[in-house]
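Every number here is computed from the coordinates shown, using simple stated rules; none is lab data. The shown structure was predicted, so the numbers you read here are calculated from the model rather than taken from an experiment. Neighbour counts run over all protein chains shown; Cβ positions are idealised from the backbone, glycine included.
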Ligand SMILES: Nc1ncnc2c1ncn2[C@@H]1O[C@H](COP(=O)(O)OP(=O)(O)O)[C@@H](O)[C@H]1O
Ligand SMILES: [Mg+2]
């Protein structure tokens, strides 16, 4: 229960993620377009007010594990110059009757009491916003859950700040809660162009010729950004540690260890590297070996489009109350 924690402290409900710590995500085209549309709308608050509209402020991100929901929410908060409160459902849901609804109330009280607005990120939202139930199988638990959802509906409706919720299971969300979000963004998997850019970013300071990058990107088709990052980091770790540890450092041996150690989630499809295996995969065979290191390119140049930690357009930004 949250009663023993200081009520006005947002950290009782999750971690605070600062704008300066956000990274610029490399996004699939439809996700990038949706983000641009939303930001344009937020920056046009004054023009919208003239026609009696407010920018939309509540978004639901859905997509599998590692598709970049948290990364995108944090990036968006940074673009707006806001700190993000990363709140997981288990900070709210409590087995004691009535206390989950009370925790929802406590969370919104804290947010409404902030001098500088926070962007609320509700992670694993399917457990919080799960459909209300009336099976009668467990009336006490059902009433407890339904009471919490009703409180959530009412507080979300009255709240005027930014909320982003994230879920891997959009089908579980209560329809009335779903409608409270005026933007729904599906975190589509990166396409071939984005996979190459993600590889480039996380391979640095190693650099690969374009043809090798393209071939290896095909081996990783349908991989999430998180999986691609893990492959790159596992590879770099082996390049540094392998010779010291006396591991076999032939290309196929290194990739066989990566395929064994880094696994796609069981719910996600298997990219070719995993279905064929390192020895048979032509993307692995296309990689020059050993890798060339370009120390001049490290640390990588900051992306000119990356948020600086300051709002992009501070003068036009405010949370409409
Ligand atoms: N679009 C992206 N571009 C670059 N890196 C990404 C992207 N999306 C995710 N990542 C990386 O993958 C990891 C997991 O992403 P995360 O945002 O936690 O996924 P989710 O919240 O959907 O489970 C993070 O370390 C992040 O750096
Ligand atoms: Mg996440």
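Taking 0.36 nm per residue of sequence separation and subtracting the Cα-Cα distance, how much length would be gained by fully extending the chain between residue 250 and residue 182, in nm to one decimal?
19.3 nm
Just to be sure I understand: of the beta bridges DSSP finds with both ends in the chain, what percent are antiparallel, rounded to 5?
Around 25 percent antiparallel, to the nearest 5.
Among 62, 193, which comes first, second and so on when ranked by fewest other beta-carbon atoms within 10 Å?
193, 62
How far, in degrees from 0 to 90, does helix 192-203 lean away from the longest principal axis of the Cα atoms of the chain, to the nearest 10?
That works out to roughly 80 degrees.
Which three numbers, in whole Å and largest first, are the semi-axes of the equivalent ellipsoid of segment 10-188 derived from its Cα gyration tensor as √(5λ)?
27, 18, 17
Quick one: which of 209-219, 234-244, 69-79 comes out on top by average Cβ neighbours within 10 Å, and what's the full order, highest first?
Descending packing order for the listed peptides: 69-79, 209-219, 234-244.
Gaussian network model of the chain, Cα springs within a sub-10 Å range: biggest mean-square fluctuation belongs to which of 81, 269, 68?
269
Working from Cα positions, state the angle (0 to 90°, nearest 10) between the long axis of helix 210-219 and the longest principal axis of the chain.
So the inclination is approximately 60 degrees.
Which order, highest average first, do 160-168, 132-140, 177-185 follow once you tally other Cβ atoms within 10 Å for each residue and take the mean per peptide?
Order by mean packing, descending: 160-168, 177-185, 132-140.
Sorting 247, 38 on the 10 Å Cβ count, fewest up front, what's the list?
In increasing order of surrounding Cβ atoms, one gets 247, 38.
Looking at the square roots a ≥ b ≥ c of the eigenvalues of the Cα gyration tensor of segment 62-162, which shape do they give, rounded for a/c under 1.5, prolate if a/b is larger than b/c, or oblate?
Oblate.
How large is the Kirkwood hydrodynamic radius of the chain, in angstrom, based on all distinct alpha carbon pairs?
21.9
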